[in-house]
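Taking it in order: structure first as structure tokens, then the write-up.
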Amino acid sequence: MYEGLTSNSDDEEDKKNTTDGDAEKGNGQESEKAEEGEGSSNAAPIHRYTSFPAEFSRPFRLLRLLPGNRDETLECQLFEASLDEQAENYEALSYVWGDASNRVSIRVNGVPFRISKNLRDALLDLRHATNTRVVWADAICINQNDSAERDSQVASMRAIYQNASQTVVWLGPEMSKKTPRAFELIQKLYNDALDVRKSGKAVERWKGKEYSKLMLDDTMEAVFMRHPWWLRVWTAQEILLARRATIVSGSCEVEWDEFCTAVNYGDELGIFQIVVLGVVPQAESWMVTAVQALKNAPSHSNPADELFYYLLRTRGRGATDPRDKIFAVLGLVSSNIQELGIHPDYHASTEQVYCEATRRLMAVSGSLDVLGVCFPFEDRVVPELPSWVPDWGSQGYVASPLIEDAHGAPRTTHASRRLPAKPTWQDDGNTLVVEGHVVDVITQLSVVADRYDEDKVWNMEEFENDYDNAPFYQELLDAFGMLGRGLGNLPNMITHVALYIEWEEFVKGLKPTNPNSGNGDLMSIYCQTLSTGTMAPGGLQETETLFKTWLDQLAPIRSLRNWKVNRIGGTFKLLSLLGYIKTTWNGYGEFLTYITPSTERRMGACEKGYLCLLPKLTQVGDKLVILKGGRVPVILRPRHDGSMEFIGEAYVHGIMNGEAFEEDKCAEMRIA
């Protein structure tokens, strides 16, 4: 994968990693310092790139790994080739570059070449003892100092990975005993999955001997799923475009398809997800299932929608160069990529790349779906972006876009009656101009539903100072043997769940007037707002039954009238704690899977009485607006210059399918 790497330089550290013998094998090349007038006869020569031959069709470079043992110097040969003539004659390497400052020397074409330690370790694992191996590795095969070459080679990534005989996913060097055991467990799960498939038996989740053995064993998670490879944006393209793939760590390896089968079976058993107290932490296997979902991407009517689909689903992945959050996904677009008019351009700034990509997505698709990814990060990669442009490079948890339902399916309703957006831009492209009209004004707000933080460490000492039954709590931890796998953060879980009690009280203090709300019952409106209109297979009746079951599970917490949400203290009643444990210990209310969109949002009410699910930064006085071409209502905030600031998407039950949209009221709105 391309990680914005720097090319080699002949510095003092080069000299430390180069022997006199290396210098003698320089093939007549002079050092960079010698060219600058600083050289000496002792300066070590380095590899220099040559231009691609003009006669090559789709030129690129390949690296020939010469055979050798692990303790021998890594010797390689770099050569130019035509991509059209090398199909399946090489392997493509997919890896994480690692610490940019930790560089070491190898030998390429007889002279020193400096690369990241991670890449050298990967090449050492791949090198055969007796046979030559031909690979493509971005940091070596692309001249990182040549911007024009970087642009053209990144544009060829799709073909490079598709034409390789296989992609080697390197997950780091061997971790003593953990790595072999992790690969053994994957192989066992794979074999068990095949046996179960042949037998036709149903898999019981969170039950059985295999579950009991593996539920507290995090070997597979440590070796496979916690590796940063899953969190890099380039690796998504590399694995999705592969003909076949093999996962390698040290001397261990497993076929990609076998690995996925094993993880899927582990998910069925429930070994990667411990559900405690009605809270469902994200399974550590989510990265694997997310990649598999990308392989089964739906078809799209235009390249803009296809690109947005992949951008949305690689949003949580990182990149050394934030521009690669766009460029690394372009290769996944299967057709008509030229129509988009987006090309890798490392001369452009990150702000220019993000703004232009957003403009092209809107213009080509005729929709405003991309607005659903504009999120108010505290630490922004590009602080000065217009409010209508997503900061693709920023990391952190984001609210799920409301253009999809709670289960991730495209929303079938359309707030502006499926009319196309016709955006234009002013102020050098920084101000978005679209048509729309105000529906209502925000008048009341609830607290924000912050996400449950699995990594948050609970302060037992603070609890002991405020709650004289803390020793009992520790006994509870020891009894269940779950410290560190869920129950250890019981107070944090309770705090997270209790927030919905506050929301319930907020709703009961209102008299919502949402249209088309089923039986018109207050809690029915709350139910459909929480689920953002996502229905169970049995429709509204089944959805409300699941909702009621979930509310019943909250009963022990609901009784804590004087408990403050963001604090565990003396008002935390032991009996209520035990009551909640009893009702939720072995599972969770299925309705929890319907309230995913509520995280990082808040409840609110409008002047006309609508109950709304709103962006976390909504303020009283903000406008509830429907934009032409918008699938969902949005919140805009008036600015002193007459323009508007985009705050985020909103869900308002009863007006999601055009019921409140009036085209004749639409006027131009300037969003800056």
(request) Quick one: check the C-alpha center-to-center distance for the stretch 336-377 versus the stretch 83-130, whole angstrom. (result) 33
(request) Set Lys and Arg Cβ to +1 and Asp and Glu Cβ to -1, take the dipole of the stretch 177-258 about its Cα centre, and tell me which of L240, L216, P180 lies farthest positive. (result) L216
(request) At 0.36 nm per residue, minus the direct Cα-Cα distance, what do E80 and T320 gain on full extension? Give it in nm, one decimal, please. (result) 83.7 nm
(message) Could you work out the relative contact order of the stretch 301-360? I mean the mean sequence separation of Cα pairs under 8 Å and 6+ apart, divided by the number of residues, in percent.
(response) 40
(message) If amide hydrogens are placed 1.01 Å from N in the peptide plane, which non-local residues have theirs closer than 5 Å to the one on L368?
(response) R631
(message) Under 5 Å between amide hydrogens, which residues at least 5 positions from G648 or on another chain qualify, with H placed 1.01 Å from N in the peptide plane?
(response) I635
(request) List, in order, the whole-Hz ³J(HN,Hα) value for each residue of the stretch 592-607 obtained from phi through the Karplus relation with A = 6.51, B = -1.76, C = 1.60 and θ = phi - 60°; use x for Gly and Pro. (result) 4, 6, 9, 10, 3, x, 6, 5, 6, 10, 9, 7, x, 10, 10, 4
(message) Going through the cross-link list K178/K213; K422/K623; K508/K623, which pairs have a Cα-Cα distance over 18 Å in this structure?
(response) K422/K623; K508/K623
(request) Please work out the FRET efficiency for the pair T443 and E268, using the Cβ-Cβ distance as r and a Förster radius of 41 Å; give the result to the nearest 0.05. (result) 0.30
(request) Mark the label point 7 Å from the Cα of E384 along Cα→Cβ and return the residues of the stretch 646-672 whose backbone N is within less than 18 Å of it. (result) 672
(request) Give the long-range amide H neighbours of A245: residues separated by 5 or more places, or on another chain, with amide H under 5 Å away, using H modelled in the peptide plane at 1.01 Å from N. (result) T167, W256, D257
(message) Quick one: 3J(HN,Hα) in Hz for the stretch 633-643, Karplus 6.51/-1.76/1.60 with θ = phi - 60°, rounded, Gly and Pro as x.
(response) x, 9, 10, 10, 10, x, 10, 5, 8, x, 7
(request) Provide the convex hull volume over Cα atoms per residue for the stretch 216-330, in Å³. (result) 137
(message) Among I142, N69, S105, which residue has its Cα furthest toward the positive end of the charge dipole of the stretch 63-200, with +1 on Lys/Arg Cβ and -1 on Asp/Glu Cβ?
(response) N69
(request) Throw me the Rg/Rh for the stretch 341-397, computed over C-alpha atoms with Kirkwood Rh, two decimals. (result) 0.96
(request) Find, among the GluC sites (Glu not before Pro) in the stretch 202-245, those assigned to loop by DSSP (not H, G, I, E, B) with at most 15 other beta-carbon atoms within 10 angstrom. (result) E204
(message) Give me the one-decimal Kirkwood hydrodynamic radius in Å for the stretch 149-257, with the sum taken over alpha-carbon pairs.
(response) 16.1
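Values in this text are rule-based calculations from the coordinates and carry no lab data. Worth saying up front: this structure is predicted, and the values here are computed from it rather than measured. FYI the Cβ positions are ideal-geometry reconstructions off the backbone, even for glycines, and counts take in every protein chain you see.
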